[in-house]
Amino acid sequence: MCDFSFYLEKGVFVLEAIKKVNKSNGTFVCQNKMNSILFPVNFTARDYDVFFTICWYAKQKGYVENRGHIEMPYSEIARFYESNINKTRFNDEIKKFREKVIGEKGTAIYKRMRYDTDNDEITTVGVFFIEIELFRNKQILRFKLNPIALDILFSILQFMKINMYDFVAIRSKFAKTLYRLLIQYDNKRADKDGLKCVKFNRTEFENLMAVPDNYASTDMDSRVIEPAINELDENYFKKLIFEKEFSKNNSRKITGYSFKFLLKEA
């Protein structure tokens with residue numbers, strides 16, 4: 001988009017066009033399938049920031065460009081951070097991130113199960129990134145996405161919208177994940193109290209939250225859910241209510257988690 005100006009200079013009429021560069025508001029839109037990705041348990045809050053900023057950047061480039069390799073300056077990865085980065089330390093952080101999503105220490109994977117017309121069960125598993133290269137001196141990350149990842153990023157069906165400035169500002173990694181899991185249901189019809197209601201079975205929820213296997217139910221309360229709710233309820237939600245669901249045959253066995261929420265207005 002351009003601004004045009006028309007003026008007289010030295011007896012000659014001049015038409016001047018100035019290209020306008022629109023500054024992104026940090027909005028990231030993707031399929032709700034994004035919340036089906038299983039992240040490594042050792043992912044940190046910073047790793048989530050890097051992952052979703054890369055996804056945001058890929059969306060800015062467009063679908064056609066993402067069929068090949070994308071080069072992303074480190075300055076873009078840190079675009080939504082509040083403070084400047086130390087280049088050496090940040091390069092080390094990106095190295096660790098790469099190892100977690102496409103290395104020996106873990107992967108960010110997408111799983112899907114469906115049934116075809118013959119009622120045959122089909123299970124799909126794929127890594128989000130096919131390849132990641134780091135250029136230390138140029139301060140550039142070069143990556144290629146799996147076609148499954150492109151579908152998640154660019155399909156417009158059942159989508160969710162994330163403000164990256166808000167997302168990166170969330171401190172806890174569990175709070176970041178809970179925020180994503182809930183806002184995908186923001187378009188859901190509210191109950192009589194005006195709240196959106198979401199339920200997860202226990203195994204599904206703990207996998208999506210990337211909870212360590214050695215966490216007991218008390219750890220889930222004190223180290224995962226309660227701190228996440230405290231941070232989100234203070235800054236992002238008008239109301240956020242959490243309840244455990246128990247087995248009908250065993251009142252002490254947790255079978256799932258339910259949340260009722262109302263987001264703050266943007």
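Per residue, the convex hull around the alpha carbon atoms of the stretch 108-254 comes to 203 Å³. Residue by residue, the stretch 28-33 carries 3J(HN,Hα) couplings of 10, 10, 8, 5, 4, 4 Hz when phi is fed to the Karplus relation 6.51 cos²θ - 1.76 cosθ + 1.60 (θ = phi - 60°); x denotes Gly or Pro.
Secondary-structure-derived ellipticity at 222 nm for the chain, considering helices only, amounts to -8500 deg cm²/dmol, per-run term -39500 (n - 2.57) for DSSP H runs with n ≥ 4. Mind checking the angle between helix 173-183 and the chain's longest principal axis? C-alpha axes, 0 to 90 degrees, to the nearest 10. Here the helix axis deviates by roughly 90 degrees. Computed from Cα atoms, the angle from the helix 87-102 axis to the main principal axis of the chain rounds to 50 degrees. With all projection directions averaged, the alpha carbon convex hull of the stretch 49-105 covers 4.4 nm². Exposed loop sites are taken as GluC sites (Glu not before Pro) in a DSSP loop (any state but H, G, I, E or B) with at most 15 other beta carbon atoms within 10 Å; the longest stretch of the chain without one runs 105-264.
Taking the C-alpha atoms only, the angle from helix 226-235 to the longest principal axis of the chain is near 40 degrees. Multiplying each eigenvalue of the alpha-carbon gyration tensor of the chain by 5 and taking the square root yields semi-axes of 38, 23, 20 Å, largest first, rounded to whole angstroms.
Using the structure shown, select from 192/244; 96/244; 199/253; 61/260 the pairs with a Cα to Cα distance greater than 25 angstrom. Long pairs (Cα-Cα over 25 Å): 96/244; 61/260.
According to the Kirkwood relation over distinct C-alpha pairs, the hydrodynamic radius of the stretch 117-181 is 15.4 Å.
Over the C-alpha trace of the stretch 169-242, radius of gyration and Dmax come out as 12.6, 39 angstrom.
Where a number appears in this text, it was derived from the coordinates with a stated rule and is not lab data. All figures in this text were calculated on a predicted structure; none of them were measured in a lab. Quick reminder, even Gly has a Cβ in these numbers, built from the backbone with ideal geometry, and neighbours come from all protein chains shown.
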